[in-house]
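Have a look at the structure below, then the notes.
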Amino acid sequence: MPRFARGLLWVGVSLVGAAAFAVLALARGETVSAAWVVVAAVCTYTVAYRFYSRFIATRVFGLDPRRATPAERLSNGRDFVPTNKWVLFGHHFAAIAGAGPLVGPVLAAQFGFLPGTLWLVIGVVLGGAVQDFTILCCSVRRNGKSLGQMAKEEINPLAGTTAMLAVLFIMIILLAVLALIVVNALKASPWGLFTIACTIPIALLMGWWMRSWRPGRVGEASAIGAVLLIAALVGGGWVASHPIGAAFTHTGTALTWMIVVYGFAASVLPVWMLLAPRDYLSTFLKIATILILAIAILIILPPLRMPALTPFATLGEGPVFAGKIFPFAFITIACGAISGFHALVSSGTTPKMLAREPDARLIGYGAMLMESFVGVMAMIAACTLEPGVYFAMNTTPAALAGASDVLKTAGFLVTPDQMQALAAQMGEQTLIARTGGAPSLAVGIAHIFSGLTSALGGKSATALWYHFAIMFEALFILTTIDAGTRVGRFMLQEIVGHVWPRFGETSWYPSIIASSAVVVAGWGYFLYQGVVDPLGGINSLWPLFGISNQLLAAVALCVATTILIKMGRKRYAWVTLAPLAWIVLITMTAGWQKVFSADPKLGFLAHAASLIGSTDPRAPRLIFNDRLNTFMALLFMSVVALLLVVSIREWWLVLSKRKPATVNEAAFVESGYAA
Amino acid sequence: MPHKGESLPHRVARTMRRIIGAPDYEAYLEHCREAGHPPQLTEAQYVKEFFESKGKGVRCC
């Protein structure tokens, strides 16, 4: 295509995107089609990928197709394997996309569809995708080293140790909040619990098939697993309508104990038995469901019932979670806009599989854009619900009563009969106060999927689609819990191993059991307190998770900035410094408000103070939890403050030439793929 | 990387295995061929070792 025509094409794409944003921004009161959200997002991603990611690839990092990657130089047919860029894109995307980009936007929908959508789209192109891409580039040039190792070598050993401890604490909060979402989705839901419970024997069968009966035959095992999963999903409907359903109807507390026992077992059992087969099953399901959801949204283009902005955007007294748009919209949506956890994947398996350096652009930047689009679809699914239904589902009765005047004024009304009818349509006993985001997302997905099947001439099967969506969400959340508990166990073994070497032996069973028990007890405690919290737990745990995840992004961006300065690219350091400054601003502000705000709905200490002298028997425990949450928030903030100080000191030493700019890159080796 | 002469179903299966992060013994055999040494692991040993290292991988939220 001639250069002039290409230029015109990109101007056209930019104008279409700008027009879509204008429609979204100017819509007040009238219903807006989801098509505008999709167009605005896709045009922005396309322009950002074409221009900004290319700028980072060529000017900032100078990615070189002639330079052999670790996958080529250290190829061993196991972890270092040169992989086709599209295959690696799928692998990387499956590893970074979990429940975060689905749940965060659903919760942030309490502000309306606009703030969350803007943050998802702008945040990813300038922050999240930049972080994933730059950390991948840094790791590829360092033989696939991890974030902690790079922090240690490029900044200093204190930074490395601090980053490792930060990851461990963040993991505890992450696993607790994810488990809370599953508990809230499966509470008093025999259909959902039966289906999820069936995934355990299905995974065990798949594991035995792949490991012992037909070693390595993953395709056969996955096909059998998929068929059994569908049977479990359909069977769940039968179970729920029969007396046997009582055996699968449990309270949140009972489910908490079940999930804690499951997490411990998954950490102690061999990987092939439970973790790996469940991971394969959930990856297939994740990719297929996201593809179908994207196609369904594009075909149906559902109208958005939620307004662009709700009164809670400025009042800061939202019933789903407390706090104003700034900083809480940016904390609530982490995955999908910027997620520090991705830095662990970008410096984990992915750099060891990259065949050519320039492929990092598609995989690091492109896969994160795709995850952002998943977040946009979740936002659309949540905003297709009537606002009254959305708030009734995502709010505890106590919080709903507190916000009833605002909801009434805004016209966000729903009657008990309407909620009962919706629950019956979804095959559930109730959908009121199903906090955590997963059930309301499932209702949104069920509406979209049943609309698609109806449009194609089939039955709507809304209840089946609802439980399919619950299964889809719970399955990969449990996969994250499996993998996260095990990784936490390895980290704890490594840390304790420094003072007691025997404990550091990852195959020594007393150490496996003790470290698994400590990690499970850590997240299990926060989970239990979230389940019994009168405000639903999400109100305090999700912001804490958002703060910790974004602070890990700050750690990653500190490492990337340090490396850019040492590479002699200080004129381009703004690429990572700009998102770093924004992330530090929002997380520190949110952390400060969560700890010190005088509003008991928002501040942990103010909430604790409001309970002193209370006759409520739960008060002492709630006060203790508030103080524990305060400690965690201050710990995360201190860790980042410390890392910032040591990073800035390192930048100053290098820039003022008091310290040589030593780049710890692997030596250049000519690539065999360049010819 | 793509293999010449590989049938479509074989290629699809190989691609899916790599995307979900499943053991790929053929990749190991191919590496051994290219490196010019005989395979040191049987398929069962390879699968066992693969699963042990997989447990250290991170899945994001």
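Rule-based calculations on the coordinates, nothing more; no lab input. Being a predicted model, the structure only gives us computed values, none of them experimental. Here the Cβ positions follow ideal geometry from the backbone for every residue, glycine too, while neighbour counts run over all protein chains shown.
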Task: Proportion of all alpha-carbon pairs of the protein assembly as shown beyond 49 Å (%) - done: 11 percent
Task: Anchor B:K48: lysines whose Cα lies under 18 Å away (excluding residues fewer than 8 positions away in-chain) - done: B:K56
TODO: Before anything else, pin down the relative contact order of the stretch A:561-675: Cα pairs under 8 Å, at least 6 apart, normalised by residue count, whole percent.
DONE: 27 percent
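If one computes P(r) from the Cα atoms of the stretch A:339-427, what percent of pairs lie at distances over 18 Å? Mind showing how you got there, number by number?
Working: 2459 of 3916 pairs.
Above the 18 Å cut-off, the stretch A:339-427 has 63 percent of its Cα pairs.
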- [ ] Can you list which of the trypsin sites (Lys or Arg not before Pro) found in the stretch B:1-53 are DSSP loop residues with at most 13 other C-beta atoms within 10 Å?
- [x] B:K4
Task: chain A: relative contact order as a whole-number percent, Cα under 8 Å and 6+ apart - done: 25 percent
- [ ] Apply the Karplus parameterisation 6.51 cos²θ - 1.76 cosθ + 1.60, with θ equal to phi minus 60°, to every residue of the stretch A:30-44 and state each ³J(HN,Hα) to the nearest whole Hz, in sequence, with x for glycine and proline.
- [x] 8, 6, 10, 6, 5, 4, 5, 5, 4, 5, 4, 5, 5, 5, 5
Task: Debye log10 I(q)/I(0) for the stretch A:441-581, one point scatterer per Cα, at q = 0.09, 0.11, 0.18 Å⁻¹ - done: -0.56, -0.77, -1.06
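Within the stretch A:566-638, list the trypsin sites (Lys or Arg not before Pro) lying in a DSSP loop whose Cβ has at most 14 other Cβ atoms in a 10 Å radius. List each step's numbers first, then the result.
Numbers: sites: A:K566, A:R569, A:K570, A:R571, A:K594, A:K601, A:R618, A:R621, A:R627; in loops: A:R569, A:K601, A:R618.
Of the trypsin sites (Lys or Arg not before Pro), the ones in loops of the stretch A:566-638 whose Cβ has at most 14 other Cβ atoms within 10 Å are A:R618.
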TODO: Using only the alpha carbons of the stretch A:361-516, determine the length spanned along each of the three principal axes and report them from longest to shortest in whole angstroms.
DONE: 62, 41, 32
Task: Euclidean distance between Cα centres, the stretch A:302-372 to the stretch A:499-572, Å - done: 18 Å
Task: Whole-Hz couplings from phi, Karplus 6.51/-1.76/1.60, listed for the stretch A:280-286; x for Gly and Pro - done: 5, 4, 5, 5, 4, 5, 4
Open item on the list: Quick one: 3J(HN,Hα) in Hz for the stretch A:166-175, Karplus 6.51/-1.76/1.60 with θ = phi - 60°, rounded, Gly and Pro as x.
Closed with: 4, 4, 4, 5, 5, 4, 4, 5, 4, 5
Task: Where trypsin sites (Lys or Arg not before Pro) fall in DSSP loop in the stretch A:646-675, at most 12 other Cβ within 10 Å - done: A:K657, A:R658
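Determine the shielding of peptide A:210-219 by partner chains: average, over its residues, the number of Cβ atoms on other chains within 10 angstrom of each Cβ. Display every interim value, and only then the final one.
On the way: counts 4, 5, 2, 0, 0, 9, 11, 4, 9, 8.
Going residue by residue through A:210-219 and averaging, the value is 5.
Given the rule -39500 (n - 2.57) for each run of at least 4 DSSP H residues, summed and divided by the residues of the protein assembly as shown, what is its mean residue ellipticity at 222 nm, to the nearest 500 deg cm²/dmol? Mind dumping the intermediate values first?
On the way: 31 runs with 481 residues, N = 736.
Dividing the helical sum by the residues of the protein assembly as shown leaves -21500 deg cm²/dmol.
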- [ ] Enumerate the amide H contacts of A:V32 below 5 Å, restricted to partners 5 or more residues apart or on another chain; note that Pro and chain-start residues carry no placed amide H.
- [x] A:L304
